[in-house]
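The values are calculated or read from the model by the stated rules, or taken from the named source; none is laboratory data. What you see is a predicted model; the values in this text were computed from it and never measured. When we count neighbours, we look across all protein chains shown, and the Cβ atoms used for this are built from the backbone with ideal geometry, even at glycine. Note: accessible area is taken over every heavy atom of the protein model, side chains too, but ligands, DNA and RNA are not part of it. Shrake-Rupley method; radii C 1.70, N 1.55, O 1.52, S 1.80 Å.
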Amino acid sequence: MEERSDLFVMLAKAVPTLGEWDSRRRVGKKVITRFVRLINERVEDPRQAGKVVYPLHEIIVLTFFGVLAGADSFSAVASCCSYKEKFFRKFLPLKHGIPAHDTFNRVFSLIDLGQMEDAVVAFVAQSFEQLRSALKIPEPQMKQVCLDGKTSRGSGRHPGTTQEIRDIQTLNVYATEDGICLYSRQIDEKSNEIPAAQAILSTMDLRDTLVSFDAMNTQKETLRVITERKGYYLGGLKGNHQTMLQECEAFFDQQYLQQVQDDRDLRYQSWEKAHNQIETMDFTLARVQATEGSYLAQWPGLRSILRYERSTEHVVTGKKTREIRYYISNLTGKASEAAMAVRTHWQIEAFHWMLDVLFFDDANTTVNKRASGNMTLLKKMALSLYRMMRPLEQVNSVSEIKRLFSYGYEDAVQRLLARCDKTAIVHAMKHHQGA
């Protein structure tokens, strides 16, 4: 597989130049002040001014601190903050102490989701920009964002009855290079993620950006929105587009597959061995010209079709599996580039999986959509920052980063905040070079 050029790969390469980070350096308050400023600028306090005891920014920052420690509910946040109150006073005045869990829940149920997302994404994006700038890591020539929906399976109630409350469903737009969830939109109970995806994409600048998605979002209107926003797309196909699927299958008859077998531009193969099985991935690209009036011309900008054949063989049992998938795109690059984009799209599925495993998102029983959504935004923020820390801490997995917060919470927080500040990073590099 060709090497990724995203931020995390570049960070791993930069680690030897950084040496030992001085986690005692007093930069944490500066970074938290930046977060507080974003909250105050972008999130309106929905409470009546005369009845406010706890400042809004304190409630949000305290919840963020609690989530970093592994708190997955407002009760857990309140417990964590009470236990660590002395430490948190280094960053916040806390004139009235720590709020009760009911206060956290109530306030989060009132905060506007869009405003909260604006502040959270801005803070994470700025932190990554500081890191890129300090380490002189360039922006990628082609960015990739992924669309995918996620269901919070513990949030529903009374299934199969007239009082049923459906599980909260959220459409996420995930930037793969920095590992940031750019947009989160909760889906209306009487709708699905398709119109939500089209609404988000219609507001984005998609120049030099590849948008990838599964078969649900492979819709002609979605492709039109992407191409009008000057972007590129890679969309999967399944039985919901039976005619298109048949058209794509027709391109890859045995004659064509044999013809391009040794063509490095149009065919790419890779092998992996894991979990006692050997996996073979075979990608074949067909460049197409959709003539006016043809069925393919109905799909905006269509220029290529990708065939992905995945075969596995268990080394112990000998059991074999085989599946074939098809993707359409308005790009005409190499098969290896398309293969990379397909595999990169799986990052959003891994992101959702980690939300469940590390932050117990599926176990979240908060019924209120706003409270649940706002809490999940902070979980996504923490997960992005965990991922940023992984190569810098030279550990193998994000779960190990979470364990750092369990083993030595206060030191881990200081180390995380230091990595969000350009001055601290440059100081660490100069200290190492002068040692």
>> With every atom except the alpha carbons ignored, what do you get for Rg and Dmax of region 353-420, in angstroms?
In response: 13.0, 39
> Three principal axis extents, largest first, for the C-alpha atoms of region 90-154, in Å?
Replying inline: 47, 37, 20
> How high is the FRET efficiency between residue 37 and residue 262 when r is their beta carbon distance and R₀ equals 51 Å, given to the nearest 0.05?
Replying inline: 0.30
>> Positive end of the dipole of region 256-387, charges at C-beta (+1 Lys, Arg; -1 Asp, Glu), about the Cα centre: which of 288, 259, 383 has its Cα farthest in that direction?
In response: 383
>> Using the basic label-point model (7 angstrom from Cα toward the beta carbon), what is the residue 30 to residue 249 distance in nanometres?
In response: 6.1
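Assign unit charges at the C-beta atoms only (+1 for Lys and Arg, -1 for Asp and Glu), then state the dipole size of region 308-435 relative to its Cα centre in Debye, rounded to the nearest 20.
It works out to roughly 220 debye.
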> So which of 29/369; 220/334; 51/369; 86/402 end up more than 26 Å apart by C-alpha?
Replying inline: 29/369
> Whole-Hz Karplus ³J(HN,Hα) for region 322-328, in order, using 6.51 cos²θ - 1.76 cosθ + 1.60 and θ = phi - 60°, x for Gly and Pro?
Replying inline: 8, 9, 10, 10, 10, 10, 10
> So how much slack lies between residue 75 and residue 320, counting 0.36 nm per residue of separation and subtracting their Cα-Cα distance, in nm?
Replying inline: 83.5 nm
> If one takes the longest principal axis of the Cα atoms in the chain, at what angle in degrees, from 0 to 90 and to the nearest 10, does the Cα axis of helix 369-393 lie?
Replying inline: 80
> Averaged per residue, what accessible area in Å² does the chain show with a 1.4 Å probe, protein chains only?
Replying inline: 48
> Per-residue HN-Hα couplings for region 407-415, Karplus 6.51 cos²θ - 1.76 cosθ + 1.60 at θ = phi - 60°, whole Hz, x for Gly and Pro?
Replying inline: 6, x, 4, 5, 5, 5, 4, 4, 5
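If you take the square roots of the eigenvalues of the alpha-carbon gyration tensor of the chain and sort them as a ≥ b ≥ c, do you get rounded (a/c under 1.5), prolate (a/b over b/c) or oblate? Could you put the intermediate results ahead of the total?
On the way: a/c = 2.01, a/b = 1.51, b/c = 1.33.
The shape class here is prolate.
So for 388, 340, 216, what's the accessible-area order with a 1.4 Å probe, most first?
Numbers: 388 0, 340 35, 216 85 Å².
From most exposed to least exposed: 216, 340, 388.
Round to the nearest 0.05 the FRET efficiency obtained for residue 400 and residue 278 when R0 = 22 Å and r is the Cβ-Cβ distance. Intermediate values should be presented prior to the final figure.
Details: r = 28 Å, r/R0 = 1.25.
Approximately 0.20, to the nearest 0.05.
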> Comparing 205, 45, 72, which has the greatest mean-square fluctuation in the GNM of the chain with Cα pairs linked when under 10 Å apart?
Replying inline: 205
> Stretch residue 346-residue 53 to full length: gain in nm at 0.36 nm per residue minus the Cα-Cα span?
Replying inline: 101.1 nm
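Per the Kirkwood treatment, what hydrodynamic radius in Å, one decimal, follows for region 257-319 from the mean inverse distance over all distinct Cα pairs? Spell out each step's value before the answer.
On the way: mean 1/r = 0.0712 Å⁻¹.
About 14.0 Å for region 257-319.
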> Nearest-5 percent of antiparallel DSSP beta bridges in the chain?
Replying inline: 85
> To the nearest 500 deg cm²/dmol, what mean residue ellipticity at 222 nm is calculated for the chain from DSSP H runs of n ≥ 4 alone, each contributing -39,500 (n - 2.57), summed and divided by the residues?
Replying inline: -14500 deg cm²/dmol
